[in-house]
1. Find the Cα radius of gyration of the chain, compare it with 2.2 N^0.38 Å by division, and give the number to two decimals.
2. Using Cα-Cα distances under 8 Å and only pairs 6 or more residues apart, what relative contact order does segment 119-309 have, in percent?
3. Could you tell me which GluC sites (Glu not before Pro) in segment 246-314 are loop residues by DSSP with no more than 14 other beta carbons within 10 angstrom of their beta carbon?
4. For the chain, what is the mean residue ellipticity at 222 nm derived from helices alone (per DSSP H run of n ≥ 4: -39500 (n - 2.57); sum divided by total residues; nearest 500 deg cm²/dmol)?
5. Give the separation of the Cα centroids, segment 57-113 to segment 283-310, in Å.
6. Which ³J(HN,Hα) values, rounded to whole Hz and listed in residue order, are derived for segment 303-308 from phi using the Karplus coefficients 6.51, -1.76 and 1.60 in 6.51 cos²θ - 1.76 cosθ + 1.60 with θ = phi - 60°, glycine and proline given as x?
7. Just the number, please: percent antiparallel of the DSSP beta bridges in the chain, rounded to the nearest 5.
8. Roll a 1.4 angstrom probe over the protein heavy atoms and tell me the percent of accessible area of segment 1-110 that is carbon or sulfur.
Amino acid sequence: MSFFKRLKESISSKTENVTKQFRDGLEKTRKGFIEKVSDLVIRRKKIDEEFYEELEEILIGADVGVNTVMDLMDDLRAEVKKRRIEDAADLQPVLSEKLMGLLRDDSSNELRENPDGITVILFVGVNGVGKTTTIGKLAHRYKQEGKKVLLAAGDTFRAGAIEQLEVWGERVGVEVIKQQPGSDPAAVMFDAVQAAKQRQADVLLCDTAGRLQNKTNLMEELNKIFRVIQREIPSAPHEVLMVLDATTGQNALSQAKLFGEKSGVTGLVLTKLDGTAKGGIVIAIRQELNLPVKLVGLGEKMGDLQTFDSEQFVHALFAGLIKEEENAAEQQG
């Protein structure tokens, strides 16, 4: 059975709605990346050095990351030799299989939850990456599951951050625990944990500062927040999610490297994937950081935050080719 056929069968057990969200959300990347590969295959027909060079350029242009691309090219060359592939068209399923291998991760993409008590999830990341929106959308998702959710407005330094979180709280119908702008984020977290206990909440989602006005180190601030939360709930936080804006490509990767090493990040959220043709950054991030991509933002709507799924991702990118293969098989049949 061909790789594309296996992929389609694997996807068919998943909900059509999620499959459609991945397909729609990755449309720009599909056009900017996979369609260029298809065009290259039609133009070049045979696999030679010039073909490899162009393919390399397309992959780097989609932000797959230079190191990852170099390794991938070596892999493809080896496969071509081993399988004696001559026709460029036969390389597309091999490429998609390799990309899926790069994206796959043994650790679970599901968010960790506290089996007995309040699940605390901390959000970190620089300003403007879509942190507050992600918190709002995740609160909506948990609410749909019938859980009681509270939000903590710990980004007390950025103008408008508290109000922004309150707007989401109103939209989703969850309470926001806050203090005055400029107040101590750790004090807000203390209040939020107490409130979560009193109101018997299932989930507490905590916003934190992307940067600080004063000279205090951001990491010190985060450590203080950790200590306050852990005093009250020893197993918390259950996830520390770093939010990255996919449209910034390689810049998002450098941010994650800088921030992720020091702040105890357990997983990544990639927002605005629908707004970029450089969705290959997911592959670069998977390869260069030893962190799972847990959630992806695939659109503006409340339900457009999805658990990352490597099969859905690759299926969405190669949807056109999968359809072509099916049509060809029907014509032969």
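The values are calculated or read from the model by the stated rules, or taken from the named source; none is laboratory data. Just so it is clear, the model here is predicted, and its values are computed rather than measured. Backbone-built Cβ (ideal geometry, glycine too); neighbour counts: all protein chains shown. Ligands, DNA and RNA are stripped out before the accessible areas are found, and what is left, the full protein with its side chains, is counted by its heavy atoms. Shrake-Rupley method; radii C 1.70, N 1.55, O 1.52, S 1.80 Å.
1. On the way: Rg = 21.9 Å, N = 333, 2.2 N^0.38 = 20.0 Å.
Rg over 2.2 N^0.38 Å, computed on Cα atoms: 1.10.
2. On the way: 362 pairs, mean separation 47.0, N = 191.
25 percent.
3. Numbers: sites: Glu261, Glu288, Glu300, Glu311; in loops: Glu261, Glu300.
Passing both the DSSP loop test and the Cβ count: Glu261, Glu300.
4. On the way: 14 runs with 170 residues, N = 333.
Estimated from H runs of four or more residues: -16000 deg cm²/dmol.
5. 18 Å
6. Each residue's phi maps through the Karplus curve to give x, 8, 9, 10, 5, 5 Hz.
7. Values: 4 of 29 bridges.
Here the share of antiparallel DSSP bridges comes out near 15 percent.
8. Percent of accessible area from carbon and sulfur atoms in segment 1-110: 48.
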